[in-house]
Amino acid sequence: MANYFPDINFELNDLHLVKVLLCNLLSNLNKEVTPDELYEIAVGSEIVNYFYYNEAIDDLIKTGAIEKKRKNGKEFISITPKGNYGAEELRRCVPKSVRDKILSVALKYFSKQKMSKEVECVIEQTKTGFYVNCKIHDIHEDILQMRLYSPKYEQALLIKEKIQSNPSEFYEKIISYALDLKEFQPEID
């Protein structure tokens, strides 16, 4: 995961503070997260050290502050009432700026996940180049299906990444352009 705060090289290296930070994060998210998601948010953002993270998770499970559950064959981590209480009582141990940073990383992470579910982009090779096949989904409908040609793979990959980075903006620009079009009227001399 990319560091969302590249200018800040802060890494939390105290086990107690890491446990408080993780409980505070889970409490603020108010949702179950997979172990991979929590790891990516905490360690992938370079806010929490790998070794402290693993030890903190083990300790939080042992003390009952967090718990692992299985739903639909998938493992999730959620905070318990005990963990919520600890997060609330001890949150001042961790600077607000650090709590805000990790929450911001988490929200960006989940937003990016949501956007990636809304768009499908597949690169297909042809005899003369590549097609970027794109579908943008809404809740119940596909709101856009499009096929863009590119002579080079690198360009097709760039198109795919650009669409996936912000499918809402891509869709909005296409609709805006389409609605602003005026019917062609040839000039008569």
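Here, each number is a calculation from the coordinates, and none is a lab measurement. The model shown is predicted, which means the values in this text are computed figures rather than measured ones. Note that we place each Cβ from the backbone using ideal geometry, even for glycine, and neighbour counts take in every protein chain shown.
What's the Kirkwood radius of the chain in Å, using all Cα pairs? All intermediate terms of the calculation are to be shown ahead of the outcome.
Details: mean 1/r = 0.0509 Å⁻¹.
Computed over the chain, the radius equals 19.6 Å.
Pulled fully out, how much extra length does the chain show between CYS93 and GLU161, if you take 0.36 nm times their separation in residues and subtract their Cα-Cα distance?
Values: separation 68, 0.36 × 68 = 24.48 nm, distance 3.99 nm.
Going from the current span to full extension adds 20.5 nm.
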Inset, instruction - Let me know the charge dipole size of the chain about its Cα centre in debye, to the nearest 20, where only the beta-carbon of Lys, Arg (+1) and Asp, Glu (-1) is charged. - result: 620
Inset, instruction - Report the charge-dipole magnitude of the stretch 126-180 in Debye, nearest 20, computed about the Cα centre from +1 at each Lys and Arg Cβ and -1 at each Asp and Glu Cβ. - result: 400
Legend entry - THR80 long-range amide H proximity, modeled H, under 5 Å: ILE66, GLU67
Inset, instruction - Run the dipole for the stretch 15-115 about the Cα centre, Lys and Arg Cβ at +1, Asp and Glu Cβ at -1, nothing else charged, and hand back the magnitude in debye, nearest 20. - result: 340
Inset, instruction - Would you work out which of VAL98, TYR85, LEU29 lies farthest towards the positive end of the dipole of the stretch 15-115? Charges go on Cβ: Lys and Arg +1, Asp and Glu -1. - result: LEU29
Inset, instruction - Would you grab the residues whose amide H sits under 5 Å from the one on HIS137? Only those 5+ places off in sequence or on another chain, please, with H modelled 1.01 Å from N. - result: VAL119, GLU120, ILE143
Inset, instruction - Would you list which aspartates and glutamates come within 14 Å of LYS152, measuring only between C-alpha atoms, while excluding same-chain residues fewer than 8 positions from it? - result: GLU124
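Report Rg/Rh for the stretch 15-115, rounded to two decimals, where Rg is the Cα radius of gyration and Rh the Kirkwood radius. List each step's numbers first, then the result.
Numbers: Rg = 12.5 Å, Rh = 13.4 Å.
Rounded to two decimals, Rg/Rh equals 0.93.
Report, in listed order, any pair from LYS31/LYS112; LYS114/LYS162; LYS101/LYS135 with a Cα-Cα distance greater than 24 Å. Don't skip to the end; give the middle numbers.
On the way: LYS31/LYS112 16 Å; LYS114/LYS162 16 Å; LYS101/LYS135 33 Å.
Pairs exceeding 24 Å: LYS101/LYS135.
On full extension of the chain, what length is gained from LYS69 through GLN125, given 0.36 nm per residue of separation minus the C-alpha to C-alpha distance? Don't jump to the answer; show the numbers that get you there.
Values: separation 56, 0.36 × 56 = 20.16 nm, distance 4.25 nm.
15.9 nm is the gain from fully extending LYS69 to GLN125.
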Legend entry - Selection from PRO167, LEU60, LEU179 lying farthest towards where the dipole of the chain points positive, charges on Cβ: LEU60
Legend entry - Given charges at Cβ of Lys, Arg, Asp, Glu: the chain dipole, positive-most of VAL132, VAL43, HIS16: HIS16
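When the chain is fully extended, how far beyond the present Cα-Cα distance does HIS16 get from TYR153, taking 0.36 nm per residue of separation?
On the way: separation 137, 0.36 × 137 = 49.32 nm, distance 4.87 nm.
Taking 0.36 nm per residue and subtracting the Cα distance, the gain is 44.5 nm.
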